[in-house]
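Worksheet: one structure, shown below.
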Amino acid sequence: MTSFDDLLSQVPIAQIAEKLGVDESTATNAVEAALPTLLGGLQANATQPEGAASLVGALDRHGELVEGEGQVDIDKVDVADGSKIVDNVFGAEKNTVISALGATEGTGGNDLVSKLLPMLAPIVLAYLAKQLTGGGGAGAPQAQAGGGGIGDLLGGLLGGSSKSGGIGGAIGEALAKNAGGALGNVLGSLFGGKR
């Protein structure tokens, strides 16, 4: 079952809270705000043929992180690699994304968000890799910009994220309308191919 809630269930909120030195409520708020934003950025990249190919290549390297059932062990997440993923996804807009997420009530501010995104990015890629390969490690994920494959998977996850409310719903609306708010503008520019 591919859904936002399924992806969220893979995220080790308690471990993340401990690593970041915050309570679980703050970590949960930050994760629920950051996940749809990461998914939106990945979807924007996947709409470009070269972005889709790059994303599928990255997926190939991350599938093992979510093997089996249950949450990812945060100690197995390569945060340095996560930073590269975040840089690639958001490009020059990274600081704008961090500021917008950090300004969202309950997320713990910019510093926390800037540390959280590199933790989440490899988990998201591993989850996508698992979904695209049918849950096993065999078989290469399919790169199809727009018409299926990674684009459909990301679209489905984003469509399922609106229940989280707050910024999750706002991101969904911004993506649907391609308007409004700092994140809507950033994601809109990403969808326009500006990297």
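The values are calculated or read from the model by the stated rules, or taken from the named source; none is laboratory data. A quick note: this is a predicted structure, and the numbers were derived from the prediction, not measured. Reconstructed Cβ throughout: ideal geometry from the backbone, glycine too, with neighbour counts over all protein chains shown. Note: areas computed on protein heavy atoms with side chains; ligands, DNA, RNA excluded. Shrake-Rupley method; radii C 1.70, N 1.55, O 1.52, S 1.80 Å.
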Taking the range 1-24, which residues are assigned to a helix (DSSP H, G or I) and of a type in the set (S, T, N, Q)?
SER9, GLN10, GLN15
Would you be able to say whether some residue in the range 116-136 is surrounded by 17 or more Cβ atoms within 10 Å (Cβ to Cβ), in a loop (DSSP other than H, G, I, E, B), at pLDDT below 90 and touching a helix residue (DSSP H, G or I) at 6+ places or on another chain (Cβ under 9 Å)?
yes
Which numbered condition in (1) modelled with pLDDT under 85; (2) not in a helix (DSSP H, G or I) is the only one that SER54 fails?
(2)
Of all residues in the range 22-50, how many are without any contact (Cβ under 8 Å) to a residue 60 or more places away in the chain, surrounded by fewer than 17 Cβ atoms within 10 Å (Cβ to Cβ) and in contact with a helix residue (DSSP H, G or I) (Cβ under 9 Å, 6 or more places away or on another chain)?
2
Would you point out the residue of the range 69-105, among those that are closer than 18 Å to GLN15 by Cα, more than 13 Å from the chain's Cα centre (by Cα) and small (Gly, Ala, Ser), that is least open to solvent (accessible area, probe 1.4 Å)?
GLY70
